[in-house]
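Peer 1: Have a look at the structure that comes next, please.
The values are calculated or read from the model by the stated rules, or taken from the named source; none is laboratory data. These figures come from a predicted structure and were not determined experimentally. Every residue, glycine as well, gets a Cβ built from its backbone with ideal geometry; the counts of neighbours run over all protein chains shown. For the accessible areas, the whole protein counts, side chains as well, though only heavy atoms, and no ligand, DNA or RNA atoms are used. Shrake-Rupley method; radii C 1.70, N 1.55, O 1.52, S 1.80 Å.
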Amino acid sequence: MEGIVTERAGQKITVLIPEESKEYRGIPLGKVRKKEKIFAGDYVEGRVVDSQTFAIEKVKERKNLLIRPPIANVDRVVIVSTIQNPPFQNYLLDNLLVVYDFLGLETLIVFNKVDALDETGKEELKKWEDIYRNAGHKIFRTSAQTGEGIEELKNELSEGITIFAGASGVGKSSLISKITGVELKVGEVSSKTERGKHTTREVRLIPFRNGFIGDAPGFSRVEALNFMEKEEVRNHFPEFLRYECKFSDCMHLNEDGCQVREALKKGEISCERFKSYLKMIHEYVDWLNEVCS
Ligand SMILES: Nc1nc2c(ncn2[C@@H]2O[C@H](COP(=O)(O)OP(=O)(O)OP(=O)(O)O)[C@@H](O)[C@H]2O)c(=O)[nH]1
Ligand SMILES: [Zn+2]
């Protein structure tokens, strides 16, 4: 029989058997226990021992294993931002997009709290939406307050395992509650977790349609270079990949025949995105002010 680990809290492992829509306490057999640690999101094989117990005989090979939150086999991340309250941080969004793409996750961009935007905010939202849409990203406008955009977002989360990431206060918990109908304990996800104070807090996968949503947030800040080589970063700006530079190892800095630079000149690539790229890899180019005035 197959199941999925929906919770791992200390020694307690909860296994959901989808066939039965029933949760059991998972007990790993000795050989499994010896071989590996078990995480929420792990797909397991085993047998029902009694009405409450499932013996785990095998942990299936993991697609990936995230550390924040500790969940295996994550398919997708919803990266939540706001334009106002708190103010938009495009460099943070760009870093999250690069890192999660590098980790092999599907990335969705959500602009939340659209109910609370003033006129300037609405203009700004349009500007940034255009930039990210042109870069090739999927974008949603939502309000956890009024429900705007929630159905559209839900339809993207029907399968697989999804987590939510983004800065503090953008509405991650509010969105998860709105989508799943499960109230998250407010304050549980405190900024203290960032400093490792509550790192043992358990993670639960909340069943949603044919998939699951993690109840603990992903990164609220990251730096691409903590995850990958400088040369790797450019591969996670999808808009750069549309162009073929003269040199296949072009970093899009001062190389001859750089088509990304040409695309910037023509306005086909956003200067904001390119500036994030430079900042991420700690580079600067003399021609920037001329091209991006
Ligand atoms: N007006 C408005 N307020 C919202 C919306 N979504 C969330 N909020 C409010 O924004 C505040 C922060 O929401 P949370 O859901 O706690 O945000 P979070 O991203 O989980 O924050 P952290 O736990 O700090 O990471 C709360 O007071 C929410 O009520 C929204 O769509 N519109
Ligand atoms: Zn180039």
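Peer 1: So how much slack lies between E244 and E232, counting 0.36 nm per residue of separation and subtracting their Cα-Cα distance, in nm?
Peer 2: Difference between extended and current length: 2.7 nm.
Peer 1: Using a 7 Å offset from the Cα along the Cα-to-Cβ direction at both R133 and F102, what is the distance between the two label points in nm, to one decimal?
Peer 2: So the two model labels end up 2.9 nm from each other.
Peer 1: Ok, one more. Mind giving me the FRET efficiency for D256 and W287? R0 is 22 Å, r the Cβ-Cβ distance, nearest 0.05 is fine.
Peer 2: Calculated transfer efficiency: 0.95.
Peer 1: What is the percent carbon and sulfur in the accessible area of the chain, measuring with a 1.4 Å probe over the protein chains and ignoring ligands?
Peer 2: Solvent-exposed carbon and sulfur of the chain make up 46 percent of the total.
Peer 1: How much area per residue is accessible in the chain when the probe is 1.4 Å and only protein heavy atoms are counted (Å²)?
Peer 2: 51
Peer 1: When the Cα centres of region 1-65 and region 89-122 are compared, how far apart do they sit, in Å?
Peer 2: Cα centroid of region 1-65 versus Cα centroid of region 89-122: 34 Å apart.
Peer 1: Would you work out which of G257, I176, P18 lies farthest towards the positive end of the dipole of the chain, given +1 charges on the beta-carbon of Lys and Arg and -1 on that of Asp and Glu, about the Cα centre?
Peer 2: So the residue we want is P18.
Peer 1: Follow-up. So what is the calculated 222 nm ellipticity per residue for the chain, using -39500 (n - 2.57) for each DSSP H run with n of 4 or more, over all residues, to the nearest 500 deg cm²/dmol?
Peer 2: Computed ellipticity for the chain at 222 nm equals -7000 deg cm²/dmol.
Peer 1: If you don't mind, there's one more thing I want to ask. Taking a cut-off of 16 Å between Cα atoms, list the aspartates and glutamates near K35, but don't count ones fewer than 8 places away on the same chain.
Peer 2: Candidates past the 8-residue exclusion: E45, E57, E61.
Peer 1: Here's a follow-up. Taking the Cβ of F237 as the centre, find all other residues whose Cβ is under 14 Å away and add up their charges (Lys, Arg: +1; Asp, Glu: -1).
Peer 2: -1
Peer 1: Would you mind checking the tilt of helix 119-135 against the longest principal axis of the Cα atoms of the chain, expressed as 0 to 90 degrees and rounded to 10?
Peer 2: 80
Peer 1: Enumerate the calculated ³J(HN,Hα) couplings along region 18-28 in order (Karplus 6.51 cos²θ - 1.76 cosθ + 1.60, θ = phi - 60°), each rounded to whole Hz, writing x wherever the residue is Gly or Pro.
Peer 2: x, 3, 9, 6, 9, 9, 10, 7, x, 10, x
Peer 1: Sticking with this one: How far is helix 90-102 tilted, in degrees, relative to the longest principal axis of the Cα atoms in the chain, given as a value from 0 to 90 rounded to the nearest 10?
Peer 2: 60
Peer 1: Taking the Cα atoms only, what angle lies between the long axis of helix 271-280 and the longest principal axis of the chain, rounded to 10 degrees?
Peer 2: 60
Peer 1: A further question follows. Using a 1.4 Å probe, how large is the accessible area of V49, given in Å² and rounded to the nearest 10?
Peer 2: Using a 1.4 Å probe on the heavy atoms, I get roughly 90 Å².
Peer 1: Mind checking which lysines have their C-alpha under 18 Å from K37, skipping anything on the same chain fewer than 8 residues away?
Peer 2: Those lysines meeting the cut-off are K12, K58, K60, K63.
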